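The structure appears right after this line, and notes come after that.
The values are calculated or read from the model by the stated rules, or taken from the named source; none is laboratory data. Quick caveat, the model's predicted, so the values are computed rather than measured. In this analysis, Cβ positions are derived from the backbone assuming ideal geometry, glycine residues included, and neighbour counts consider all displayed protein chains. Keep in mind that these areas ignore ligands, DNA and RNA; they rest on the heavy atoms of the full protein, side chains included. Shrake-Rupley method; radii C 1.70, N 1.55, O 1.52, S 1.80 Å.
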Amino acid sequence: MKKQVIIVGVLVMMAVSFAGAQTPKFGVGFSGGINIPIIQDDQKSGSIFEFRARFSALPFLTIEPKLSFSSYGSPDTFEDIIWDVDGSKITAYGVDGILGGALSGPGFAPFFVAGMGWYKISNDSYETIQDSETKFGFSGGMGFAIGITPKFSIDARAKAHFISWDGGAKKSLALLGGLNYAFGGGI
Amino acid sequence: MKKRTLTFAILSLALLCLAGVGCKLIMSGTFVIVEEVEFSFTADGSFYWYPVDLTGNSVWEDHKDNIDRIDMIGFSFDIQNNSTETCEFNAMFVAATGPADPSDWPTGGIPSGAVSVISGLTVPAGGSETVTYGESLGHISNLEAFKDIIMTGRFDYYGTSCGVTGDSLFVVTDGLLVITLSGSED
């Protein structure tokens, strides 16, 4: 947890340090929402929170280093078995690319998002007999941003996550709503 | 022309690989198997025994040829200690072959290669306990070796506790084996 906080801190500091640049191209963002497991009998929907720095690489491309925390719920029962174990927790870090007119000031801006990163999967109920595992994965989806002011925008995005898992994948759909802030005059 | 053909071949191969990987990723998932394990008899001689064959379990049948890994294994069962002393329950598993016939008692005793999976589960004299799936995880050892045994789909269970044939001093009932696996559809 400490490591993740440090990473977020560094990302924010990087963004802030560039805030005084003549052409503002940096910002930060935060999203929260639900994480819906796809074909995972042992998990139920849970929450997801995502922190990100934002770098405007090209007029149509924004790069977002990200850190996210999600936890699944757990089914109460499964075929009459009392399912008294927790849902899994996932800590992920990586980079997203935002393709489209997002983050570019006032107005409505739809975008596509694609990313990759590493996902650490753990489960408190299993920790005595099984270690957590970190796997590579990728994500893709779409969303839209609405510029409220030149600096503030809100956005909504739907992203499918694919975490590689010994030949297959652990999959989920994240529905996120968030707030973005651009340093300087706006991105 | 040759270069164009080579490029086309490489691109086609890449697309096929992507399609294959993509299909595999999309079709894969995590599934839970619940298999009844007949614990409900008392020890015969010095140990319990029961053969398990996952063939016939619909979830196993759907995925047995495309299992990527066993994610977790647990149990659910009830224990009744009718004796006047504290009893300890131990369970071992070993991969097996042949038909799973409960009447085909293993005359050779517990095989030396049997893997200890549950050990040190004690029940006080006259006591009873319901071991839930989550609680069973706290009693499981040798998980990776146990997973390898489960992957075979056909295995035998051995158990030890107080009591001998017919005395009902230590009874395990409503036994369920819970297997969480990752794989894809056939």
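Observations on the structure shown:
- Solvent-accessible area of the stretch B:27-185 (1.4 angstrom probe, protein heavy atoms only): carbon and sulfur portion equals 47 percent.
- Of the peptides B:59-69, A:151-161, the order by per-residue mean of other Cβ atoms within 10 Å, starting with the highest, comes out as A:151-161, B:59-69.
- Each Lys or Arg adds one and each Asp or Glu subtracts one; over the other residues with Cβ under 14 Å from the Cβ of B:Gly127, this totals -4.
- Applying 1/(1 + (r/R0)^6) with R0 = 41 Å to the Cβ-Cβ distance of B:Ala145 and A:Ala114 gives a FRET efficiency near 0.50.
- Model label points for A:Ile154 and B:Thr55, set 7 angstrom from Cα along the Cα-to-Cβ axis, are 6.0 nm apart.
- At least 40 Å² of accessible area lost relative to the chain alone, listed for the stretch A:26-59 with a 1.4 Å probe: A:Ile39, A:Asp41
- Normalising the average separation of contacting C-alpha pairs (under 8 angstrom, six or more residues apart) by the number of residues puts the relative contact order of the stretch A:42-180 at 17 percent.
- Net charge contributed by nearby residues that have their C-beta within less than 14 Å of A:Phe55 (K/R +1, D/E -1): +2
- Solvent-accessible area buried by B and A, counting both chains, probe 1.4 angstrom, square angstrom: 2300
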